[in-house]
Number of protein chains: 2
Amino acid sequence: MASVLPASKRSVRSDRNTYVGKRFVHVKNPYLDSMDEDILYHLDLGTKTHNLPAMFGDVKFVCVGGSPNRMKAFALFVQKELRLEEAEEDIKDICAGTDRYCMYKTGPVLAISHGMGIPSISIMLHELIKLLHHARCCDVTIIRIGTSGGIGIAPGTVVITDIAVDSFFKPRFEQVILDNIVTRNTELDKELSEELFNCSKEIPNFPTLIGHTMCTYDFYEGQGRLDGALCSFSREKKLDYLKRAYEAGVRNIEMESTVFAAICGLCGLKAKSTLIKPQTF
Amino acid sequence: MASVLPASKRSVRSDRNTYVGKRFVHVKNPYLDSMDEDILYHLDLGTKTHNLPAMFGDVKFVCVGGSPNRMKAFALFVQKELRLEEAEEDIKDICAGTDRYCMYKTGPVLAISHGMGIPSISIMLHELIKLLHHARCCDVTIIRIGTSGGIGIAPGTVVITDIAVDSFFKPRFEQVILDNIVTRNTELDKELSEELFNCSKEIPNFPTLIGHTMCTYDFYEGQGRLDGALCSFSREKKLDYLKRAYEAGVRNIEMESTVFAAICGLCGLKAKSTLIKPQTF
């Protein structure tokens, strides 16, 4: 992968005051502190089996994406960007004991795969946030990077999400907790969005915009695709829906952003955003 | 893995009339037949790049599960059970070109991983059903095998799902198609459930029952766990919820059964069921 970050942006935000100060990643669970051991089942890590502060205490950036292979490629890219190739050992999958997710660490950057869809990323986020909490990490920025379907924009355009919306274009994440429906906020960090957007301006031929990202539970019928095993709507209905999405400010569609925004927002991962490169439509 | 099927059950249903007759796997999408090429993106297969009838035309059983490693282990187990070890080449991942899912074929049995959660299995099912349709498969039985959390049953008990229910204990799958909510049926094939149950009786120490399976979108808060990064309910509320689930006939909880039942039911995979071995609770 070629370097896309301009040299001026390669310092790890040491020149910024905004994120200075100990803003710890926190859990919102009164039961957790009284547990003798916390096993992060799907990451194959635990508080008794691993020294989490030693392994992860220096993490400042977490980048997540659906595909394990792409997250490994991303970790290798970051290793090169941070000039850590010689200082570090080979990049190894920290979660090699499980095939649910893959995790790579290079310097202060952690890269993790999350599979596809809200439930899959949700399990990973619960365990990642507990990991960062147990490791006493502070001032952590999390960014989701992934492919998506663009709406009314040129293929290849990068969309930086300001707000994640659901299939009804509402900025909310509705979640069933026991049998109650709880609605959570899906706003993402404005300052980080602008900072990422400014970075993009310094790179030639890197079309980028800030817009709403729509998150669906279904790839085929839920995103108006006409090529699934099931399709009960017409081409006209599909185009009408996508047009209404565009008018509501939606610029791309994917399958994880609402729960990503909701959970990270609740747990003190203050500087977060979603950076998505549309591939289709 | 040790053999669990009694010798009398190892014939591939050649003695049964119920499934005799060409019941083709069908798609419900009027646009599909007019497409010049159908690319099954997440399986790395396509109608122009692969001879799907030659590769998959003899498939009679499809077994799906979350973990890629477990599905490979399952395929090797089936290969041994069907005594195909010498006749076949090594089992290879048919979807090796992508890291989204893994797929293994041995004789008439296809084993595929689907990741975690409704959206992830839903993408796989759309593409699997199109694959079986393009390959002109008929009389296909599909079984989901996975771990789950048991409710009020001994750990290790196998639950054969009769009906998949949602977090409100309702036998339905609510899906957003464009911005309409569509409710789909989640009943599973009764005859297959009974047949699987009868098989279990012939195996010593194989505790098995038929019951409802609850499908949630969330592993931690959605299933009443007290050890996630977020937990907003009390232990009492959790136990009350699980008690009400038990009273409604639920015997285990997982994250894929409603959409599995709904999509397979719509596409002519008549003989289907979910076989789940609870690990936790």
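The values are calculated or read from the model by the stated rules, or taken from the named source; none is laboratory data. Quick caveat: nothing in here was measured; it's all calculated off a predicted structure. Note that we place each Cβ from the backbone using ideal geometry, even for glycine, and neighbour counts take in every protein chain shown. These area figures cover heavy atoms from the full protein model, side chains too; ligands, DNA and RNA do not enter into them. Shrake-Rupley method; radii C 1.70, N 1.55, O 1.52, S 1.80 Å.
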- Over region B:107-235, what relative contact order in percent results from Cα pairs under 8 Å that are six or more residues apart? 22 percent
- Task: Report the calculated FRET efficiency for B:Tyr41 and B:Leu209 (r = Cβ-Cβ distance, R0 = 51 Å), to the nearest 0.05.
- Result: 0.85
- Message: Run lengths n ≥ 4 of DSSP H only: what is the helix-derived mean residue ellipticity at 222 nm for chain B, with -39500 (n - 2.57) per run over all residues, to the nearest 500?
- Response: -8000 deg cm²/dmol
- Message: Heavy atoms only, 1.4 Å probe, whole protein assembly: order A:Lys238, A:Lys130, A:Lys72, A:Lys92 by accessible area, highest first.
- Response: A:Lys92, A:Lys72, A:Lys238, A:Lys130
- Task: Evaluate the distance, in nm, between pseudo-label points positioned 7 Å from the Cα of A:Ser34 and of B:Tyr246 along their respective Cα→Cβ axes.
- Result: 2.2 nm
- Message: Pick from A:Gln79, A:Gln175, A:Gln223 the residue whose mean-square fluctuation is largest in a GNM of chain A, springs joining Cα atoms under 10 Å.
- Response: A:Gln175
- Query: Treating the beta-carbon of each Lys and Arg as +1 and of each Asp and Glu as -1, no other charges, what is the dipole magnitude of chain A about its Cα centre, to the nearest 20 debye?
  - Reply: 620 debye
- Between A and B, accessible area buried - total, square angstrom, nearest 100, 1.4 angstrom probe: 5600 Å²
- With the dipole of chain A defined by +1 on each Lys or Arg Cβ and -1 on each Asp or Glu Cβ, the option from A:Leu43, A:Tyr31, A:Val159 whose Cα lies farthest towards the positive pole is A:Val159
- The farthest towards the positive end of the charge dipole of the protein assembly as shown, of the residues B:Leu188, A:Ile112, B:Ser67, given +1 on Cβ of Lys and Arg and -1 on Cβ of Asp and Glu, is B:Leu188
- Message: Using a Gaussian network model on chain B with a 10 Å cutoff between Cα atoms, which of B:Leu125, B:Leu230, B:Leu82 fluctuates the most?
- Response: B:Leu230
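Please give the per residue volume of the convex hull enclosing the alpha carbon atoms of region A:201-270, rounded to a whole number of Å³.
137 Å³
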- Query: If you average 1/r over every pair of different alpha-carbon atoms in the protein assembly as shown and take one over that average, what Kirkwood value in Å do you get?
  - Reply: 24.6 Å
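Report in % the part of the accessible area of the protein assembly as shown that belongs to carbon and sulfur, leaving out ligands and nucleic acids; probe 1.4 Å. Mind dumping the intermediate values first?
Details: 12550 of 24020 Å².
For the protein assembly as shown, the apolar C and S fraction of the accessible surface comes to 52 percent.
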- Calculated from backbone phi, Karplus (6.51, -1.76, 1.60) coupling profile of region A:115-121 in Hz, x at Gly/Pro: x, 10, x, 4, x, 5, 5
- Averaged per residue, the 1.4 Å probe accessible area of region A:133-255, protein heavy atoms only, in Å², is roughly 41 Å²
- Buried on assembly, region B:33-52 (at least 20 Å² less accessible surface than by itself, 1.4 Å probe): B:Met35, B:Tyr41, B:His42
- Task: Return the long-range amide H neighbours of B:Gly46 (sequence gap of 5 or more, or a different chain), with a cut-off of under 5 Å between placed amide H atoms.
- Result: B:Leu40
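Calculate the FRET efficiency for A:Asn180 and B:Arg23 from the Cβ-Cβ distance with a Förster distance of 41 Å, rounded to the nearest 0.05.
Once the sixth-power term is evaluated, E becomes 0.50.
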- Message: Give me the mean projected area, in nm² to one decimal, of the convex hull enclosing the Cα positions of chain A.
- Response: 16.0 nm²
- Task: State whether region B:103-178 is rounded, prolate or oblate according to the following rule on the C-alpha gyration tensor (a ≥ b ≥ c being the square roots of its eigenvalues): a/c under 1.5 gives rounded; otherwise a/b larger than b/c gives prolate, and the remaining case gives oblate.
- Result: oblate
- Note on the structure: Computed over chain B: longest principal axis from alpha-carbon atoms vs helix B:190-201 long axis, angle to nearest 10 degrees, is 80 degrees
- Under 5 Å, built H, 5+ apart or other chain: amide partners of B:Ser148: B:Lys277, B:Gln279, B:Thr280
- Query: Size of the dipole of region B:146-280 about the Cα centre, Lys and Arg at +1 and Asp and Glu at -1 on the beta carbon, nothing else charged, in debye to 20?
  - Reply: 220 debye
- Using a 7 Å Cα-to-Cβ projection, A:Ser34 label spacings across copies, nm, ascending: 6.3
- Item | Separation in nanometres of the label points that stand 7 Å from Cα toward Cβ, at A:Glu191 and B:Glu194 | 6.7 nm
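Evaluate the charge dipole of the protein assembly as shown about its Cα centre and quote only its size in Debye, nearest 20, assuming +1 on the Cβ of each Lys and Arg and -1 on the Cβ of each Asp and Glu.
In debye, rounded to 20, the protein assembly as shown gives about 480.
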- Note on the structure: Residues whose built amide H sits under 5 Å from the amide H of A:Thr208, excluding neighbours closer than 5 in sequence, are A:Val158
- For region B:146-280, the spread of Cα positions along each principal axis, largest first, Å: 44, 43, 23
- Shielded residues, region B:90-125 - accessible-area loss of 50 Å² or more between chain alone and all protein chains, probe 1.4 Å: B:Asp99, B:Arg100, B:Met116, B:Pro119, B:Ile123
- Message: Filter A:Lys28/A:Lys130; A:Lys28/B:Lys170; A:Lys72/A:Lys92; A:Lys201/A:Lys243 down to the pairs with a C-alpha to C-alpha distance above 18 Å, please.
- Response: A:Lys28/B:Lys170; A:Lys201/A:Lys243
- Query: Given 4 °C and 1.567 mPa s, how large is the Stokes-Einstein diffusion coefficient of region B:24-139 in µm²/s, with Rh as the Kirkwood radius over Cα pairs?
  - Reply: 89 µm²/s
- Nm distances between copies for A:Thr49, ranked from closest, using label points 7 Å along Cα→Cβ: 3.6
- Message: Can you work out the Karplus-derived ³J(HN,Hα) for every residue in region B:206-222? Use 6.51 cos²θ - 1.76 cosθ + 1.60 with θ = phi - 60°, whole Hz, and x for glycine or proline.
- Response: 10, x, 9, 8, 9, x, 7, 10, 8, 10, 10, 8, 9, 7, 8, 5, x
- Message: What are the ³J(HN,Hα) couplings of region B:93-107, residue after residue, when phi is run through the Karplus curve with 6.51, -1.76, 1.60 and θ = phi - 60°? Round to Hz, x for glycine and proline.
- Response: 6, 5, 9, 4, x, 10, 9, 6, 9, 10, 9, 10, 10, 9, x
- Message: Given contacts defined as C-alpha pairs under 8 Å and at least six residues apart, what's the relative contact order of chain B, whole-number percent?
- Response: 25 percent
- Task: At 7 Å along the Cα-to-beta-carbon direction for both B:Lys48 and A:Glu86, put a label point, then send me their distance in nm to one decimal.
- Result: 4.9 nm
- Using only Cα atoms, find the angle between the long axis of helix A:235-247 and the longest principal axis of chain A, and express it within 0 to 90 degrees, rounded to the nearest 10. 60 degrees
